[in-house]
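Structure first, then comments.
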Amino acid sequence: MQNRPTLENPNLLIWVLNVCGPQACSVRRVIPEIDIWRAATLMLKRYGEKALEESAMRADELAGAGDYKGEAVWRRITDAVGQLMNNTPPGPLH
């Protein structure tokens, strides 16, 4: 069994990228939604208000390197970070 990263071991972000990196096998692997939210939470804990900017920058770096699967994962993480940062309550205000 692979040693999964924890909050004390911030290699989760690298682990997420390795799952969909260029060395991955030809079988298409999908990152579970829970792992996207875990990564987004770690980004917020590590970067605070700059988490959205940092995650978007990582997606751009991967796109520039031609790693479009990694970019897609980081776009999902960026979206999750944005949702976690949103302090506006849902629905109409009374």
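The values are calculated or read from the model by the stated rules, or taken from the named source; none is laboratory data. Since this is a predicted model, take the numbers as computed values, not measurements. We place every Cβ from the backbone using ideal geometry, glycine too, and count neighbours over all the protein chains shown. The area values use the complete protein model at the heavy-atom level, side chains included, leaving out ligands, DNA and RNA. Shrake-Rupley method; radii C 1.70, N 1.55, O 1.52, S 1.80 Å.
Per-structure values
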read-out	value
Selection within segment 65-94 - among the charged types (D, E, K, R) and in a helix (DSSP H, G or I)	K69, E71, R75, R76, D79
Unmet criterion (only one of (1) modelled with pLDDT of 95 or more; (2) in contact with a helix residue (DSSP H, G or I) (Cβ under 8 Å, 6 or more places away or on another chain); (3) open to solvent by 80 Å² or more (accessible area, probe 1.4 Å)) for L44	(3)
